[in-house]
Amino acid sequence: MKVGFIGLGHMGTGMAANLLRAGHEVTVYNRTPGKAQGLVAQGARAAAGVADACGGDAVVTMLADDGAVEGAVFGEKGVIGSLGKGAIHVSMSTISVALSERLTAAHANAGQRFVAAPVFGRPEMAAAAKLFIVAAGAPDAVDACLPLFEAMGQKTFPIGDQPKAANLVKLSGNFLSASVIPRPDEVVSRLLQRSPFVRNRSTLAGAVRYMVGEQRCGLRPGGYGPGSCRRIRPARRPDAAL
Ligand SMILES: NC(=O)c1ccc[n+]([C@@H]2O[C@H](COP(=O)([O-])OP(=O)(O)OC[C@H]3O[C@@H](n4cnc5c(N)ncnc54)[C@H](OP(=O)(O)O)[C@@H]3O)[C@@H](O)[C@H]2O)c1
């Protein structure tokens, strides 16, 4: 497919690279221009702006939050004013249900299609095309996006024709994981550091790395034993207010 990709952060860079690997024709755009260079070297075309990334069958947004998505979609030369009739905006960021409703209405008014497809998985999983993707929107639009989802994820869950349902599932999943163990990284790192009962430290450390990511797991690379924990970074829950 001919697809634009807006938002080359920790998640988006790997996702766009996987679209390229799968043979899609990808045009990338990021607010900070230098981040597109690696993908251009892999065959992507660098867009000069949001509008320039909206010339294909679909455009994916993988931006930080509601404000960033609103700016890219409703701003001057944004997605709404640039995407062709019948083309699809695939919103993969973690955004609010209210914004998803607004996007659904605005794209319908503009004769465009809208699919919400937020993801579960960390940047390492994004880079390895192992994301879990929850997709919702008109069935024809979701079906059209399946080749993109297959390139970026290990499993796609189509959950209906109302995009906001996918955003609600994503926010509920985040709320659940934040509620069950507020700080899995902190709990397990301290366990690894102090507990005399943990015998197989390397296996447990590997599991922690998989669950919460190398950056947040509080373990030095290759370090599993007492004293191997570095200062644990405070948990970021930017979507907790959504
Ligand atoms: N990281 C994770 O583990 C994870 C897991 C699942 C879902 N998610 C969701 O995936 C989305 C992206 O996460 P990420 O980790 O890739 O974030 P990130 O690394 O912080 O990247 C954010 C992206 O948004 C852009 N951006 C931020 N504010 C902007 C604005 N006002 N206008 C235009 N562009 C703006 C950034 O551009 P610049 O480069 O110019 O700053 C960057 O491309 C978020 O919705 C997040 O909740 C993340």
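Read the figures in this text as sums done on the coordinates, not as results from a lab. Since the model is a prediction, treat every value here as computed from it, not as a measurement. Glycine gets a Cβ as well: all are built from the backbone with ideal geometry, and neighbour counts include every protein chain shown.
For this structure, a couple of remarks:
- Packing-based exposure ordering (other Cβ within 10 Å, fewest first) of Val119, Val59: Val119, Val59
- Listed by Cβ neighbour count within 10 Å, with the fewest neighbours leading, Leu103, Leu146 appear as Leu146, Leu103.
- Using only alpha carbons, the stretch 2-158 has a radius of gyration to Kirkwood radius ratio (Rg to Rh) of 0.92.
- On the basis of the beta-carbon distance and an R0 of 22 Å, Lys77 and Asp140 show a calculated FRET efficiency of 0.20.
- Panel order for Ser93, Ser177, Ser82, by other beta carbons found within 10 Å of each beta carbon, from fewest to most: Ser177, Ser82, Ser93.
- The modelled label-to-label distance between Gln154 and Ala178, using points 7 Å beyond Cα along the C-beta direction, is 2.5 nm.
- Label zone at Gln42, where the point sits 7 Å out along the Cα-to-Cβ direction: the stretch 130-162 residues whose backbone N lies under 16 Å: 130-131, 148-154
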